[in-house]
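Q: What follows is a structure written as structure tokens; I'll ask about it next.
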Amino acid sequence: MMPSSDLQPFRLRIEDYELLDRAGAFEDQKVELVEGAIITVNAQFQAHTVVQARLAFRLQVALEAMASPLMALPEASLALPPHNLPNPDILIARAVADRSYFRVEQVAIVIEVSDSTLRRDLGGKRTLYAVNNIPEYWVVDVDGRQVHQFWTPVDGSYADSRIVSLAGALQSATLPDLTIDGHGIL
């Protein structure tokens, strides 16, 4: 028998995950691939769903008013090869109508709405997005009624950040013309 210190977990690649998905392994389950592990995603409380819907709607209206080619897309799969396929709550990205996942070069902002996952969203998820050079990352803290914004990914971390009230103006740090009113989102 091999000592436990010699045991290494097998990290799935996106391709492995796709095979399992096509075979029905995740039927009736909401999962993500993070660092090669299949992670079950929590069920959404009403507050999460309402914030996600209102925020996505307001962002989409603002993007259209700017005549931006970007879209606010809820729960889109983002390929971060080889071992990550998260489904952020909102992805602001350039969409192409094909059968591929979104890629980093299409993404402007990743947003996670956090009513029960704040620690993970501010920890591992923030690192995941910074390591993969996502230009801007928001964590909407439902309980705290605030938004944590991060930008300028450098060496696996974000060099710049701020916390703003969810009830005020929400302005992108990397898309300065993108501003919405957060009042009434929660």
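The values are calculated or read from the model by the stated rules, or taken from the named source; none is laboratory data. Quick caveat: nothing in here was measured; it's all calculated off a predicted structure. Heads up, the Cβs are rebuilt from the backbone with ideal geometry, glycines too, and the neighbour counts pull from every protein chain shown. The accessibility values were calculated without ligands, DNA or RNA, using every heavy atom of the protein model including side chains. Shrake-Rupley method; radii C 1.70, N 1.55, O 1.52, S 1.80 Å.
Q: Looking only at the stretch 177-185, decide whether some residue is within 21 Å of residue 87 (Cβ to Cβ) and not charged (D, E, K, R).
A: Keep residues of the stretch 177-185 that are within 21 Å of residue 87 (Cβ to Cβ), which gives 185.
Among the residues that remain, those that are also not charged (D, E, K, R) are: 185.
Yes, some residue in the stretch 177-185 is within 21 Å of residue 87 (Cβ to Cβ) and not charged (D, E, K, R).
Q: Which numbered condition in (1) touching a residue at least 12 places away in the same chain (Cβ under 8 Å); (2) closer than 30 Å to residue 184 by Cβ; (3) among the hydrophobic types (A, V, I, L, M, F, W, C) is the only one that residue 67 fails?
A: Of everything listed in (1) touching a residue at least 12 places away in the same chain (Cβ under 8 Å); (2) closer than 30 Å to residue 184 by Cβ; (3) among the hydrophobic types (A, V, I, L, M, F, W, C), residue 67 misses just condition (1).
Q: Moving to a separate point now. Residues 173, 130: which one is buried (at least 20 other Cβ atoms within 10 Å of the Cβ), at pLDDT 95 or above and not basic (Lys, Arg)?
A: Residue meeting the stated conditions: 130.
Q: Please specify each residue of the stretch 39-48 satisfying the condition of being open to solvent by less than 70 Å² (accessible area, probe 1.4 Å) and either at pLDDT 95 or above or more than 19 Å from residue 138 (Cβ to Cβ) (or both).
A: Residue satisfying the conditions is 39 alone.
Q: Go through the residues of the stretch 26-40 one by one and say whether even a single one is within 16 Å of residue 178 (Cβ to Cβ), in contact with a helix residue (DSSP H, G or I) (Cβ under 7 Å, 6 or more places away or on another chain) and in a strand (DSSP E or B).
A: No - not one qualifying residue is present in the stretch 26-40.
Q: Oh, and also: What is the one condition in (1) crowded, with 18+ Cβ neighbours inside 10 Å; (2) farther than 22 Å from residue 186 by Cα; (3) under 18 Å from the mean Cα position of the chain (by Cα) that residue 51 does not satisfy?
A: Of (1) crowded, with 18+ Cβ neighbours inside 10 Å; (2) farther than 22 Å from residue 186 by Cα; (3) under 18 Å from the mean Cα position of the chain (by Cα), only one is false for residue 51: (2).
Q: Going through the stretch 21-37 one residue at a time, which ones are under 16 Å from the mean Cα position of the chain (by Cα) and either open to solvent by 20 Å² or more (accessible area, probe 1.4 Å) or among the aliphatic types (A, V, I, L, M) (or both)?
A: Step one: list which residues in the stretch 21-37 are under 16 Å from the mean Cα position of the chain (by Cα), which gives 30-35.
Across the stretch 21-37, the qualifying residues are 30, 31, 33, 34, 35.
Q: So which pairs qualify, if the first residue must be in the stretch 96-120 and closer than 17 Å to residue 60 by Cα and modelled with pLDDT of 95 or more, the second must be open to solvent by 80 Å² or more (accessible area, probe 1.4 Å) and in a loop (DSSP other than H, G, I, E, B), the Cβ gap must be under 9 Å, and the two must be at least 6 apart or on different chains?
A: Taking only residues 6 or more apart or on different chains, the pairs are 106/96.
Q: Moving on. Pull out all pairs, ordered by first then second residue, where Cβ-Cβ is under 8 Å, the residues are six or more apart or on different chains, the first lies in the stretch 160-178 and is without any contact (Cβ under 8 Å) to a residue 60 or more places away in the chain and among the acidic types (Asp, Glu), and the second is open to solvent by 60 Å² or more (accessible area, probe 1.4 Å) and assigned to a strand (DSSP E or B).
A: Within 8 Å, no pair qualifies.
Q: Moving to a separate point now. Go over the candidates 82, 88 one by one and state the one that is closer than 21 Å to residue 174 by Cα and not in a helix (DSSP H, G or I).
A: 88
Q: Suppose we keep only residues that are surrounded by 17 or more Cβ atoms within 10 Å (Cβ to Cβ) and among the acidic types (Asp, Glu) within the stretch 68-114. Which one would you say is farthest from residue 43 (Cα to Cα)?
A: Result: 112.
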